[in-house]
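Engineer: First the structure, which I've put down as structure tokens, then a few questions once you've had a look.
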Amino acid sequence: MAFEEKEHKKNQYQNDWAKDLKGEPIHINNAKSGANGYYCLGCDKEMQAVKFKNPKYQSYYRHHAQNIDKENTKCVVASRKYRVRLAAFILNRIKFINAPPVYKYPPINEDGLPMFLKGRETINAHSVVSELTFYEDEQGNILHGKNPTIEDRYLLVRPDVTFFDAKNEPILFIEFVITHKLTTEKKVKLNRLGINTVQIIIPKVPEEEIEKALKSSRKYKWIYNELEANTTYISVSEGNSEGISPIDEIQRKLFEESFKCRTAQINQLVRNINKCLRSESYRRTERLFESELSRLSNNRKAAQQRLGELEKQHRENALDRNRETHSKIKNEYSNLEERYNNKNQELQQATEEYYSDQRVRESIEYHIEQEESAIKRIEQETDEFGARAQLAENRMGEEIWEQFRTDTEQIETRIEDVRTDRAKLEEKVQSSINEDIKSAERKHQESKRDFEGKINLEENEITRIEGEQNSLESTTLNELRKGLDENSPELSTRIKTLLEVRRVASDFEVAKCEEEFYKRVEKFFNKKTWSRG
């Protein structure tokens, strides 16, 4: 473990970038071993390329002179900054990253499989900006800028790269990890901003390899993800782990650190609040706030009172101007209601007439049914009489039958007449009923069309009156608001006329005084008082 830490510390002070003779950056993988015209990005001193054939060892540049400190921070930082600039340039060119999948890991000190939330996705940016400062103003609004000049700024954070959408809203922060992990304070600020954030380790490889790393989802780790932060972990059964990736310990640690960051943030906030509440400046500020609130409350009451008086005054003026119009509209509405009631009564009367015709029809149908019953009864009696006659005929013979045949014929004639009368009566009744029904329906339709036409006319009239009323009220209110809100620099014609008259009167007074002065001078000269001495 000690050996690994020593090697890690050693690698921190190794340069993987230098300049060639043309001043162009060149990676150690593309350089030739030895001092072949390579110069430091930080101090411009000559460097040597140290190349290893064994892939277990990392090749690097070192200063050629022996008296140069190989751990010079300036030189090492220059190489790191170039890698950062190179990565930012690549992201600004490609404008996308392949984000890793999102998992919800079990809480601290609790075993369990990670809960899958979202798969890999490509995040595209409309624009990409590097080294942009994000901060919070006193009102809690999240703002950003290259060099913000606002004095009262809180929650300052400057991600290495920011992705913006088409609405110029930040959608993703990207943090480059060179040698050190993100501090807890910066993680707290990133979580407070609530914008998805990923980190990536910039490898010590040529530009092409760096671009491949930036396009690979495996190189990114989530620092903050809104979906993960707002999802409650649900234990996943270990018996059905198909489709669930093994636990990424680095990603899990980053999300666990976010809980620690929140705890530290809350504790620090509580301490700051308690400290602020106990300070004299807070009490003084509180008194000033109470005094200012009292003053504003009094001003608000006075302003509301003045506004109420002005509204009352202008409302009375407007009502006086529009009283006649209101009376006319009121009368029209009153007449409209009366006409509507009359039409409603007419419609009810027509409906009652229709129902009366319906009752007449039902009465006629009832009489028809009575006639049919009588006919059936006569037919039944005829059949019975025929049966008795047949019996009598059989008993008494033809002589007796001759006596009854005349009666039978009369009865049959009577039955035929009854049937004829019944058919005529049915036809007459049916014709009368149909004519009455058609007449009633025609009257009903005519009344309905007439009533609907009048109703439409009345509704159009109502719409027109309401439009005129709304237009009148809108015009009145606009004039009122214009009189209250606008402070026009121009004077009305009447005021201009009064001012002109006042100016002419003033000029007349001056001219009159001058005339009196000249008269006194003339009188003085005429008396020649000045020459008597």
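The values are calculated or read from the model by the stated rules, or taken from the named source; none is laboratory data. Bear in mind that the values here come from a model prediction, so they are computed numbers and not experimental data. A quick note on method: Cβ atoms are made from the backbone with ideal geometry, for glycine too, and the neighbour counts reach across all protein chains shown.
Engineer: May I ask you to verify whether residue 97 is over 32 Å from the mean Cα position of the chain (by Cα), modelled with pLDDT of 90 or more, closer than 30 Å to residue 26 by Cβ and not hydroxyl-bearing (Ser, Thr, Tyr)? Give the steps one after another, and end with the answer.
Structural biologist: Details: over 32 Å from the mean Cα position of the chain (by Cα): no; modelled with pLDDT of 90 or more: yes; closer than 30 Å to residue 26 by Cβ: yes; not hydroxyl-bearing (Ser, Thr, Tyr): yes.
No; evaluated as a whole, the condition is false for this residue.
Engineer: Could you grab me the full set of residues in the range 44-55 that are more than 17 Å from residue 206 (Cβ to Cβ), at pLDDT 75 or above and exposed (fewer than 14 other Cβ atoms within 10 Å of the Cβ)?
Structural biologist: Once the filter is applied, which keeps residues that are more than 17 Å from residue 206 (Cβ to Cβ), at pLDDT 75 or above and exposed (fewer than 14 other Cβ atoms within 10 Å of the Cβ), the range 44-55 yields 53, 54.
Engineer: In this structure, is residue 297 modelled with pLDDT of 75 or more, surrounded by 10 or more Cβ atoms within 10 Å (Cβ to Cβ) and among the small types (Gly, Ala, Ser)? So that I can check it myself, show each step before the final result.
Structural biologist: Working: modelled with pLDDT of 75 or more: yes; surrounded by 10 or more Cβ atoms within 10 Å (Cβ to Cβ): yes; among the small types (Gly, Ala, Ser): yes.
Against the criterion (modelled with pLDDT of 75 or more, surrounded by 10 or more Cβ atoms within 10 Å (Cβ to Cβ) and among the small types (Gly, Ala, Ser)), residue 297 qualifies.
Engineer: Given (1) under 27 Å from residue 215 (Cβ atoms); (2) modelled with pLDDT of 80 or more, identify the lone condition not met by residue 106.
Structural biologist: Status for residue 106: all satisfied but (1).
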